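First the structure, in the form of structure tokens, and then the observations on it.
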Amino acid sequence: MSRKVTLFTGQWADLPFETLCAKVKSFGYDGVEIACWGDHMDPAKGAEDSKYIENRKAILAKNGLGCWAISGHLPGQCVGDTSNLSSYDPRLDGFAPAKFSGQPEKIREWAINEMKLIARTAKNLGVKVVTGFIGSPIWRFWYSFPQTTEKMIDDAYKEIVRLWNPIFDEYDKCGVKFALEVHPTELAFDYYTAERLLKEFNYRSTLGFNFDPSHLLWQGVSPHLFLRDFRDRIYHVHMKDAAVTLDGKAGILGSHLTFGDTRRGWNFRSLGHGNVDFENIIRELNAMNYQGPLSVEWEDSGMERDFGAKEACEFVRKVDFAPSDVAFDDAIKRE
């Protein structure tokens, strides 16, 4: 049986949840990965108000949609990014409630509580996975000049463990896993940082990965090899494409050009329009017996959104093949 195809609602948070769900069904999807911002999911209500949860379920049922994961990307980013209060990033003001703008301690307090509310919301919704970010106290130090010391790096991992273990305790109580999206700006942004993060958390089973090939591709990491080596920690899968278009002028770091600018050295692309090798990804998912959804995270600044989302759903259904249940050469054996 083919896997469920869902749409991540984060890039559609400008639309009311009910309006979006009708669109998602018309595009051909089986369900949604619900973002906990905009009108889509309010964690404070989801954690405590059974009528609110029933309303979300009713909207899903009305449109024949399922939900297998919800997202805590924005508050999760605020947890780790505000750990160094002396170098606060004002961009986080856009993720937290306006009343906390410019107050990193308040933003961190809100974010930690929000991530716990999201775990309880997932439990009430009957969802077993929360996808998201954890932030990084040292992302600004990724290039080691001025020199980044080993102690700075060690301390950052210790700080993330200190901040997130109490949050993960709540996830354990709720029977929910946290699937980190390995992504630039996170403490775990590539293969080796992801490997170390698991070690620093003593391989706590609460923590796994939301696999997204697009962020690995432009860094030069082979996405299917990441899948192969972290197969027991893949809790959710994003289907997302990117194109690397280095032309001798553009740099891989983006040149401070906005996404969609054709001069950039890479850009996110709608599925099937980039360089991600989805066939090898599906083969690895089959090898590990991944039965979860394939969630389209649609981002392409050069394509109309509704057209792209519908085409992306069709692309995923076409590329997602089942594993063989026979050895092909058995048919030529003599009895």
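Quick look at the values:
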quantity: Which numbered condition Pro166 fails, given (1) without any contact (Cβ under 8 Å) to a residue 60 or more places away in the chain; (2) closer than 30 Å to Gly302 by Cβ; calculated: (2)
quantity: Any chance Glu181 is among the acidic types (Asp, Glu), surrounded by 16 or more Cβ atoms within 10 Å (Cβ to Cβ) and either at pLDDT 95 or above or touching a strand residue (DSSP E or B) at 6+ places or on another chain (Cβ under 6 Å) (or both); calculated: yes
quantity: Region 165-187 - residue that is touching a helix residue (DSSP H, G or I) at 6+ places or on another chain (Cβ under 7 Å) and part of a helix (DSSP H, G or I) and, of those, farthest from Ala111 (Cα to Cα); calculated: Cys174
quantity: Checklist (1) in contact (Cβ under 8 Å) with a residue 40 or more places away in the chain; (2) surrounded by fewer than 22 Cβ atoms within 10 Å (Cβ to Cβ) applied to Leu294, failing item; calculated: (2)
quantity: Of all residues making up region 223-240, the number that are farther than 14 Å from Gly292 by Cβ and without any contact (Cβ under 8 Å) to a residue 40 or more places away in the chain; calculated: 3
quantity: Qualifying residues in region 194-206 (those that are of a type outside the set (Ser, Thr, Tyr) and open to solvent by less than 70 Å² (accessible area, probe 1.4 Å)) - the one farthest from Ile138 (Cα to Cα); calculated: Arg204
quantity: Helices (runs of 4 or more DSSP H) lying entirely in region 1-97 (those with 1 or more residues that are touching a residue at least 40 places away in the same chain (Cβ under 8 Å) and over 20 Å from the mean Cα position of the chain (by Cα)); calculated: 17-27, 43-48, 50-62
quantity: Residue list for region 43-66, filter: surrounded by 15 or more Cβ atoms within 10 Å (Cβ to Cβ) and closer than 14 Å to Glu18 by Cβ; calculated: Tyr52, Arg56, Ile59, Leu60, Asn63, Leu65
quantity: Tally of residues being in a loop (DSSP other than H, G, I, E, B) and surrounded by fewer than 22 Cβ atoms within 10 Å (Cβ to Cβ) across region 128-164; calculated: 10
quantity: Only listed residue being at positive phi and without any contact (Cβ under 8 Å) to a residue 40 or more places away in the chain, chosen from Gly208, Gly220; calculated: Gly220
quantity: Matching residues in region 1-40 - criterion: being open to solvent by less than 10 Å² (accessible area, probe 1.4 Å) and of a type in the set (D, E, K, R); calculated: Glu33
quantity: Pick from region 207-261, criterion aromatic (Phe, Trp, Tyr) and assigned to a loop (DSSP other than H, G, I, E, B), ranking: least open to solvent (accessible area, probe 1.4 Å); calculated: Phe230
quantity: Residue match in region 316-325 (condition: without any contact (Cβ under 8 Å) to a residue 12 or more places away in the chain and farther than 27 Å from Ala35 by Cβ); calculated: yes
quantity: Residue within region 185-203 that is closer than 30 Å to Phe307 by Cβ and in contact (Cβ under 8 Å) with a residue 12 or more places away in the chain present; calculated: yes
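The values are calculated or read from the model by the stated rules, or taken from the named source; none is laboratory data. Quick caveat, the model's predicted, so the values are computed rather than measured. All Cβ positions, even for glycine, are placed from backbone atoms using ideal geometry, and neighbour counts span all protein chains on display. Calculation scope for accessible area: heavy atoms of the full protein, side chains included, ligands and nucleic acids excluded. Shrake-Rupley method; radii C 1.70, N 1.55, O 1.52, S 1.80 Å.
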